[in-house]
Amino acid sequence: PFEQGADRESLDSRYPTVAEVVRGLGFRTAAFSANPFIFRRGRGLDRGFIRFEDDLSSAGAMALSTFYGRNFERSVLKRFFLEDSPMRKRAPDINRAVLKWIGRNREIPFFVILNYFDAHSPFLPPQPYRTRFAGSRSADQSRRFHPECALA
């Protein structure tokens, strides 16, 4: 990451991305990201993708991505122990969008990246898994949103 700038605020253009290379070979390219903090268009990670969905186009998501929006989200979510980040896009939503995209132009090969956010805090598995392997107190704690973890 330090060679091409991915560890900084934005990817630089010294080296081609995999998406740029395979697009040049005639592949359809797409990326579907549920990570509003890292894997997003504003960091230059959309290079080479014909389609890049990073779900930051809604007014609410754009407001929350600002300095003041992140501070508001952090203080409100922490204070009221809301379950989840309002910016989170779930894996089933990503999967639906990807499968719909793949279904178009099936005769053309494709390259696609899926970036899920479900593996990050808060961990919100569906029932019965939410309480199956933990006592009710620890299962309840796993539902709490920890903005400092999401922004790390």
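The values are calculated or read from the model by the stated rules, or taken from the named source; none is laboratory data. Note that this is a predicted model, so its numbers are computed, not measured. A quick note on method: Cβ atoms are made from the backbone with ideal geometry, for glycine too, and the neighbour counts reach across all protein chains shown. We work out accessible area using only protein heavy atoms, side chains counted, and drop any ligands, DNA or RNA first. Shrake-Rupley method; radii C 1.70, N 1.55, O 1.52, S 1.80 Å.
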Checklist outcome for this item: With residue 23 itself left out, Lys, Arg at +1 and Asp, Glu at -1 over residues whose Cβ is under 14 Å from its Cβ give +1
Checklist outcome for this item: Taking 0.36 nm per residue of separation between residue 105 and residue 18 and subtracting their Cα-Cα distance, the length gained on full extension comes to 29.2 nm
Checklist outcome for this item: Counting only protein heavy atoms and leaving out ligands, DNA and RNA, the solvent-accessible surface of residue 114 at a 1.4 Å probe, in Å² to the nearest 10, equals 60 Å²
